[in-house]
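Here is the structure we will look at, set down as structure tokens.
Every number in this text was worked out from the coordinates using simple rules, so none of it is lab data. Note that this is a predicted model, so its numbers are computed, not measured. Cβ atoms come from the backbone with ideal geometry, glycine included; neighbour counts cover every protein chain shown.
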């Protein structure tokens, strides 16, 4: 691994510090491109306006007309955390806004991962129509559902697509569903400045536009309109869990959601998920979304039915919310067990590809007939992290009538756009890909079981052409040394309270330290005593068992930990380079 130190523009750091920003935060923010304190203002007034989102006004008129005509609106969700939170935001928001006109006719439908596949398919459109709905609204899907939208329109349904994924590509041209309204910052000619909105963020913006439309129609006024900010905890959860880039607009959405959670203003289901995860809402952070709540919701979509997750997020009864959360926790435990077994099998298959001294190929394709298709994405992510290669993991399709197909999920590394790579594979090897979609860092595809080798060869050829040695070298960007005066519990708590995530990485410090003492904990973690700038400090390296040399260059995060009622500071080790290292 190559450990590097981020550049800190001195003028930017100085300007932030002069504006009253904590000196350490000023340095961290400047290294991440923040140049003035206004960029750190998380006020809702600074959110990008809904009017900038292409067709948001048309979507608002469609929904307002449906409400006033007492039509039934059906939400078609996705089966991941972003889709679940987007569905919950849609249901809660529509009912909140519809109460003023006596409307409460919102339903939802979640495709089954195995039997239905992803997105608005013709079968799903027929089910929505059979349910008696008049208006079909997708959340976190639909932009590539050409056939599904066509079927829905033929059945007489009005269709609103809210999505954030990239459109389908046909003959090198983006092709959009026709005869419907589309709200998606990534559709052609959309001027919305934040292309990183998650699906839940797009739906939240549609609701903002709908409120403005209802206000214009005189349903309510600015002083007595429904408060949509109560939806922000859900928006924050879905945004972080979907690992979209935390640009300034997304950081404001997440920050506002966290403020409400810490104040105890969150849905009963979210509170129950915090409880079963052993996390405190008063100290909620974006880490809780990515590593505690998100996985428990995603587990339902992977192994069971995401209607359970949506029910958890939409109930207002604390007792029912806790029951749902406990069931989700149990499913997540099952998911972790399956994932662990699959990861070991996948690592063995990956090792079998390599000679003792060989580097991994530039892209990996792993398959085992015993793999569970609901967990292949997580295993692909783990392998990608371990081997630093674009990775696809395949399982046999469990859908009736598709038993001869393989379902694959891929994860990528910076510099290799996975969806574009699949598009090139489709052009070079016609017919290999039956279906595919996704974005730069994650994608999915379906192939015929007999053509796995052909797919693997085509993908590796693209990887050989696109990836160079620098891209294939694992790299960790750090924030350099930690000054002794910042080695305090209060500083760690300040850092933990900030909004960090994809594209706005949490602080990682790095410097040379003496290893004074080390021991294994539970045979899988390394507990350390380090000498940092002359003082002893506790440290942990989770998931690492190899003993360290007496002196090492260590990359670490700060953690404020509670032990026997006492707050304490410790370092969480992220990586090591043999000392000395030329940074």
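Is the shape of region 1-150 rounded, prolate or oblate, going by the alpha carbon gyration tensor and its root eigenvalues a ≥ b ≥ c, with a/c under 1.5 for rounded and a/b larger than b/c for prolate?
On the way: a/c = 3.47, a/b = 1.99, b/c = 1.74.
Prolate, because a/c is 1.5 or more and a/b exceeds b/c.
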### Message
At 7 Å along Cα-to-Cβ for each site, give me the label-to-label distance between residue 564 and residue 1 in nm.
### Response
3.1
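Relative contact order for region 491-583 using alpha-carbon pairs under 8 Å, separation at least 6, rounded to a whole percent? Write out the running numbers ahead of the final one.
Details: 177 pairs, mean separation 24.6, N = 93.
Relative CO of region 491-583 lands at 26 percent.
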### Query
Full extension from residue 263 to residue 319: what is 0.36 nm times the residue separation minus their Cα-Cα distance, to one decimal in nm?
18.1 nm
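Rounded to the nearest 5, what is the percent of antiparallel bridges among the DSSP beta bridges in the chain? Intermediate results must be reported in sequence, preceding the final value.
Values: 55 of 81 bridges.
Expressed as a percentage, antiparallel bridges in the chain total about 70.
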### Query
Once you put a point 7 Å from the Cα of residue 471 and another 7 Å from the Cα of residue 216, both along the Cβ direction, what distance in nm separates them?
4.5
### the chain, relative contact order [Cα under 8 Å, separation at least 6], %
12
## Note on the structure
Taking only the alpha-carbon atoms of region 487-550, the convex hull volume per residue, in cubic angstrom, is 120
### Query
Once both labels are modelled 7 Å past Cα along the beta-carbon direction, what's the residue 493-residue 39 spacing in nm?
2.9
### Query
When the Cα atoms of region 45-330 are enclosed in a convex hull and the volume is divided per residue, what value in Å³ results?
125
### Task
Mind jotting down the distance between the C-alpha centroids of region 495-573 and region 195-211, whole Å?
39
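Compare the peptides 313-319, 273-279 by average per-residue count of other Cβ atoms within 10 angstrom and give them in order, highest first.
On the way: 313-319: 16.3, 273-279: 18.3.
Descending mean neighbour count gives 273-279, 313-319.
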### Task
Please report, to two decimal places, log10 I(q)/I(0) for region 247-340 at q = 0.18, 0.20 Å⁻¹ as given by the Debye formula with identical point scatterers on the Cα atoms and no solvent.
-0.79, -0.94
### Summary
A student applying the Cα gyration tensor rule (rounded when a/c is under 1.5; otherwise prolate if a/b is larger than b/c, oblate if not) would label region 97-213 oblate
#### Entry: Inter-centroid distance (Cα atoms) of region 81-107 relative to region 242-297, Å
20
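Using helices alone, I'd like the mean residue ellipticity at 222 nm for the chain: each DSSP H run of four-plus residues gives -39500 (n - 2.57), total over residue count, nearest 500. The partial results should precede the final answer.
Numbers: 18 runs with 224 residues, N = 583.
Computed ellipticity for the chain at 222 nm equals -12000 deg cm²/dmol.
What FRET efficiency, computed as 1/(1 + (r/R0)^6) with R0 = 60 Å and r the Cβ-Cβ distance, is obtained for residue 546 and residue 131, rounded to the nearest 0.05? Show your work: numbers first, answer last.
Numbers: r = 56 Å, r/R0 = 0.94.
That gives a FRET efficiency of 0.60.
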### Message
Taking a ≥ b ≥ c as the square roots of the Cα gyration tensor eigenvalues, with a/c under 1.5 meaning rounded and otherwise prolate when a/b beats b/c, else oblate, which class fits the chain?
### Response
oblate
### Query
Any idea what the relative contact order of region 44-174 is, in percent, if you count C-alpha pairs under 8 Å spaced at least 6 apart?
24
